[in-house]
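One structure is given here, and the rest of the page talks about it.
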Amino acid sequence: MIRPIVVGVVDTREGLAAADWAAREALRRGLPLRLVHAWEAGLPEGETGSALPELKAPQHHAHQVLRTALERLSERHPRLRITAEQVRTMPVPALLAESENAELLVIGSQGPTGLAGFVSGSVALATAARIERPLVLVRAGETAEDEHLPDADGKPSQRTPFRDVAVAVDVDGTSHEVLEFAFHAAEMRHAPLRVVHAWHAPLAHGLPDAAGRARTAAEAERDLAVLLEPWREKFPTVAVEDDLREGRPAHVLVDAAQGAGLLVVGHRMRRAAIGAHTGPVAHALIHHVREPVVLVPHD
């Protein structure tokens, strides 16, 4: 079964950036692209022209948003197979349902600045907390040139090599799915893979001394080498760079993401008494990282 790349279409800057990113990724992977626009306002099911004009306005706008996105992407990417559908439901349930048959789901996401940022951030958090397929979060303003290194004059370009793919690694529990996604993403882009591992010396009786920190760093380096050895053999064409940093994962990853073309992070699916929720690392990335972020769920 061929799974499409699905993108949630909304009439915002981050929504447009997400649709463009999804189209480029679908072409890279040789997959179809599916556009989905969720809405809950407008005419009741089965209602016809007898409804008041003001009730038809939201429905007309929703159709226009989807149609505009379809026409725009079809013109930009004539070789891409694109389908589009309007879904009459809330955004989060619609996106989760679509993700079940998707290779990955792409949505626009914005930091918590103002009402629009709060709303889009809430959708991203709620979707991330429950999704069981990879989720890509794209910020407003992300372009094809941003995926590439600047040219010799420092100007944006699509003809230069891709920026590196960064992947967050926990030597004690990084899942197979996370590393598979990251290595494959780097391989498709002919880009280096930067493996980021955050380590910190345990606190016992006061702050660790220099010797203790050095031992912890050396152990982390050895463990990382063991973890990556089979993956280097499986993906021999991918240049791998180890990036070990002292600090807490959320802080390290926000900093390490700067300059990357893509950040891949594992997201452990959590089930609480009041429902699923995201952990502190995913929460920090959704709100603070400007680069595209892939959250790969795992048990």
TODO: Give the residues of segment 4-19 that are open to solvent by 70 Å² or more (accessible area, probe 1.4 Å) and assigned to a loop (DSSP other than H, G, I, E, B), sorted by residue number.
DONE: D11
Open item on the list: On the basis of being of a type in the set (V, I, T), in contact with a strand residue (DSSP E or B) (Cβ under 8 Å, 6 or more places away or on another chain) and in a loop (DSSP other than H, G, I, E, B), does T127 make the cut?
Closed with: no
- [ ] Go through segment 31-75 and count every residue that is at pLDDT below 95, within 27 Å of the chain's Cα centre (by Cα) and part of a loop (DSSP other than H, G, I, E, B).
- [x] 1
- [ ] Take the residues in segment 146-182 that are assigned to a loop (DSSP other than H, G, I, E, B) and in contact with a Phe, Trp or Tyr (Cβ under 9 Å, 6 or more places away or on another chain), then tell me which one is surrounded by the most Cβ atoms within 10 Å (Cβ to Cβ).
- [x] V171
Task: Filtered residues of segment 225-256 (kept if in contact with a strand residue (DSSP E or B) (Cβ under 7 Å, 6 or more places away or on another chain) and more than 15 Å from V195 (Cβ to Cβ)) - done: E246, G247, R248
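The values are calculated or read from the model by the stated rules, or taken from the named source; none is laboratory data. Treat the numbers as computed from the prediction; the structure is a model and nothing was measured. No Cβ is skipped: glycine too gets one built from the backbone with ideal geometry, and neighbour counts run over all protein chains shown. These area figures cover heavy atoms from the full protein model, side chains too; ligands, DNA and RNA do not enter into them. Shrake-Rupley method; radii C 1.70, N 1.55, O 1.52, S 1.80 Å.
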